[in-house]
1. With each run of n ≥ 4 DSSP H residues scored as -39500 (n - 2.57), what mean residue ellipticity at 222 nm is computed for the chain after dividing by its residue count and rounding to the nearest 500 deg cm²/dmol?
2. Using only Cα positions of the range 1-69, each an equal point scatterer, no hydration layer, compute I(q)/I(0) via Debye at q = 0.16 Å⁻¹ and quote the log10 values to two decimals.
3. With a point put 7 Å past each Cα toward its Cβ, work out how far residue 219 is from residue 106 in nm, to one decimal.
4. For the chain, what % of the accessible area comes from carbon and sulfur atoms, probe 1.4 Å?
5. By how many nm would the segment from residue 250 to residue 286 lengthen if fully extended, with 0.36 nm per residue of separation less the alpha-carbon distance?
6. In Å², what does the accessible area per residue of the chain work out to with a 1.4 Å probe?
7. Using 1/(1 + (r/R0)^6) with R0 = 45 angstrom and r between the beta carbons of residue 401 and residue 152, what's the FRET efficiency to the nearest 0.05?
8. Quick one: dipole size for the chain, taken about the Cα centre, charges +1 on Lys/Arg Cβ and -1 on Asp/Glu Cβ, in debye to the nearest 20.
Amino acid sequence: MTSDRRVPVAIIGGGFSGTILAAQLARRGIASALIDGSGRAGKGVAYSTTEPAHLLNVRAEGMSAWAGEPDDFARRFESEGGDRRGFAQRRLFARYLGEILDEATANGTDVVEASASKATRTEGGWRIALDGDENVEADALVLAIGNQEPESLSAFTGADGHYLRNPWGAEARAAVQDLAETGGAALLIGTGLTMVDLVLSLDAAGHRGRIVALSRRGLIPRSHADFEPAPVEEADVPSGNLRALWRWLRRRGAEVGWRAAVDSLRPYSHPLWQGFSPEEQRRFMRHARPWWDVHRHRIAPEVAGTVARMVAEGRLEIVAGRVVTARAVDDALEVEYRKRRSSSLKAERFAYAFNCTGPLHSMARTRDPLLRSLLDAGQVRPDHLGIGLEVDERSRPVGSDALWALGPLTKGRYWEIIAVPDIREQAAAVADDIAREIGQ
Ligand SMILES: Cc1cc2nc3c(=O)[nH]c(=O)nc-3n(C[C@H](O)[C@H](O)[C@H](O)COP(=O)(O)OP(=O)(O)OC[C@H]3O[C@@H](n4cnc5c(N)ncnc54)[C@H](O)[C@@H]3O)c2cc1C
């Protein structure tokens, strides 16, 4: 027998985006159901790590969850002896979010621990089908489901047992433990922030074997460091032309340092992105993105220090190249890869390979049943780049009613909507919009 509950707002996804939205709604006296099926409500993917080695990659002073209250996290961090210019452990940020969620649940937020498999438009709003037999009926629905799981890499088809498709899952954690005990070699495909997390996990678990981290260009995230900010006026930044912006960035970087130049664009990231034609946006994703990502999304100096030490000790090799074949042989994985600008193949055996290539950037290939149900019913459609949902200037999926999307699902429109300082602004604006829309 199915049972239904009715709420003004249903939020699917209890990571940072969903949690802060629920809290914003609670502050406005609006009750909501925060639906999360992973057991990570109040944390999401980024902040459910319990490892002390996993630090925030934004300074404490930038990590307030509340729009308009920039000091909220920094003050708390300082009261515990932290430095507002420092990088807190991610598990501390999870505790902070947990307290925010506790306050919200005392004021009308109901955490529902279940996965949503389908959302259907009804006359009065939405019906959300949960696994198990429950439905939630809501006047308004918010999709805060985060990034799509990484796509499997075709070279590793048939390499089950040695290949970890999802680096955040329990199997990956077990593989890290196994590697620490056996000292086996690990291959990490991808050299971004996910790779850095995994390298830290291996190091902290006591792994002293070989690690190869490989990506097409072999670029790794740069380190934060103090610098003199060099703000610019929006009118001084070339817009609508990627090549011109790139030239500007290089020139400005030579004058004031690359960190100051890159960060001076932050206040204008939405208009700059939206000023590009779709073709320019695609060109950015194809060619400029790897460079942009490693300079823009920097890591804490202590984390960069660990990575550099492991490279210097010969434990970690960063390779620019690509995997050609992978097959299971004698209880290991034999991988052939070609280094960039080399004509010869290198064959090497690894105990495990981890997919660290980052989230799936394709709505067309999503395997998420909830998204599929909405796409198939025409309630949402992919954005012009196919990487998220098409949303209007109020983060509402185009073509639907009483529906909002938050966070990475909206990156086609906003691009840099993946970190706390950006998502908190979006959540506050969506909470205002919902309050207006449902008349509370
Ligand atoms: C490892 C990592 C470290 C990061 N570090 C920082 C940092 O230091 N500073 C910073 O500003 N940003 C950081 N970010 C970026 C940013 O904070 C996150 O991407 C952001 O928290 C996104 O939150 P989210 O709630 O949108 O998504 P998620 O955290 O992915 O949460 C989505 C939730 O929705 C649930 N869900 C999905 N589908 C369903 C469904 N059908 N039914 C029910 N539940 C569902 C998932 O289980 C998940 O719990 C980091 C990101 C990662 C991945």
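1. Values: 14 runs with 146 residues, N = 440.
For the chain, the value works out to -10000 deg cm²/dmol.
2. Summing over Cα pairs of the range 1-69 leads to -0.67.
3. 4.6 nm
4. On the way: 9110 of 19410 Å².
Percent of accessible area from carbon and sulfur atoms in the chain: 47.
5. Values: separation 36, 0.36 × 36 = 12.96 nm, distance 1.86 nm.
Extra length available between residue 250 and residue 286 comes to 11.1 nm.
6. Working: 19410 Å² over 440 residues.
In whole numbers, the chain has 44 Å² accessible per residue.
7. Numbers: r = 36 Å, r/R0 = 0.79.
With a Förster radius of 45 Å, E is 0.80.
8. Working: 57 positive and 60 negative charges, 394 e Å.
Charge dipole, the chain, about its Cα centre: 1900 debye, nearest 20.
The values are calculated or read from the model by the stated rules, or taken from the named source; none is laboratory data. Nothing here was measured: the structure is a model prediction, and the numbers come from that model. Glycine gets a Cβ as well: all are built from the backbone with ideal geometry, and neighbour counts include every protein chain shown. Ligands, DNA and RNA are excluded from the accessible area calculation, which covers all protein heavy atoms including side chains. Shrake-Rupley method; radii C 1.70, N 1.55, O 1.52, S 1.80 Å.
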